[in-house]
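One structure below.
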Amino acid sequence: MLTLVPTPIGNLEDITLRALRVLREADIIACEDTRTSGIFLKHYGIDKPLTSFHLHNENDKSKFLLDKLRNGENIAVISDAGTPGVSDPGWILLKRALDEGLEVDVLPGPSAVLPAVLLSGLEPQPFVFLGFPPEKQGERIKLFDSLKNFTSTMCFYISPHKAEKHINDMIQVLGDRRAALVREISKVFQEAIRENLSGILERIKSGVKGELVLVIDGESCDSGETASDSWRSEALMMRESGQSVKDIVNIISAKYNVAKNLIKRCVIE
């Protein structure tokens, strides 16, 4: 059986009893860095064979691990921190095992995304997790441009040495929105910087360290930078004339091809 097992993102106490049991029962544990995982496993007295399994060998090592799964062995996959499979190795192996009809499971557990969204103070529902922004600026700008009219809260992982550059691109494309930079979640120096993007950029100009999650507000009625004001004016006039929010949303959405959530949010605000 293949099991993806979340591991602590900071405090070593952030581990479930079930996760510890699965690790103790595994025939082999696939991990990003055997040295990093070795420290964590030693802390809990778990002594199992380890094999390196990271982004640079995921394809090749998946073949090795699939052979063991076919032979009935129990394999646990962990990352250096958090839940494997999303922005961490694990997805390719999981997908191939599913395609072959092999038994798989994914345990619930630590992840930086939900704590960051809630600590941001921004609207937590709905939100979308977008992983790390693209490395190439052209691709990064294209992604941000596609999100200009997106009404949900957005969550990104950000590399410390790229944070200033990426946030500057966001300001240029998305405008100076409300945001929060949450760093070192579940660690001693946990911090949440809640400012507009420009304020966050100013705070990190001298450098920033640690694991970073950036949470950004979605398009709102008063942002004004990313959509025409014509449909807004018409929607407000309809509201002033006594039309229901439901009717306004349906009419404006059909006429201007604007997201219904955005129209509703603007009318209510």
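Computed values, structure above
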item	result
Test: residue in the stretch 69-86 that is more than 19 Å from Glu25 (Cβ to Cβ) and surrounded by fewer than 17 Cβ atoms within 10 Å (Cβ to Cβ)	yes
Test: residue in the stretch 183-195 that is buried (at least 22 other Cβ atoms within 10 Å of the Cβ) and over 18 Å from the mean Cα position of the chain (by Cα)	no
Test: residue in the stretch 157-175 that is in a loop (DSSP other than H, G, I, E, B), within 30 Å of Lys264 (Cβ to Cβ), over 15 Å from the mean Cα position of the chain (by Cα) and touching a residue at least 12 places away in the same chain (Cβ under 8 Å)	yes
Residue ID - modelled with the lowest pLDDT, chosen from residues in the stretch 241-260 that are out of contact with any Ser or Thr (no Cβ under 9 Å at 6 or more places or on another chain) and of a type in the set (D, E, K, R)	Lys255
Segments classed as helices (runs of 4 or more DSSP H), wholly inside the stretch 1-112, with at least 3 members that are farther than 29 Å from Phe189 by Cα and of a type in the set (Asp, Glu)	58-70
Tally, over the stretch 172-184, of residues that are modelled with pLDDT of 95 or more and of a type in the set (A, V, I, L, M, F, W, C)	4
Qualifying position, being at pLDDT 95 or above, of a type in the set (S, T, N, Q), at negative phi and outside the structural domain of Gly210 (by TED's automatic domain parsing), among Thr83, Thr16	Thr16
Residue tally, condition among the polar types (S, T, N, Q) and either loosely packed, with under 15 Cβ neighbours inside 10 Å or not assigned by TED's automatic domain parsing to the domain that holds Gly82 (or both), over the stretch 35-68	2
Long-range neighbours under 7 Å by Cβ, at least six apart or interchain, first residue farther than 11 Å from Ser152 by Cβ and in the same structural domain as His166 (by TED's automatic domain parsing) within the stretch 124-142, second in a helix (DSSP H, G or I) and basic (Lys, Arg)	Pro133/Arg140; Pro134/Arg140
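The values are calculated or read from the model by the stated rules, or taken from the named source; none is laboratory data. No experiment lies behind these values; they were computed from the predicted model shown. So basically every Cβ, Gly included, is an ideal-geometry build from the backbone, and we count neighbours across all protein chains shown.
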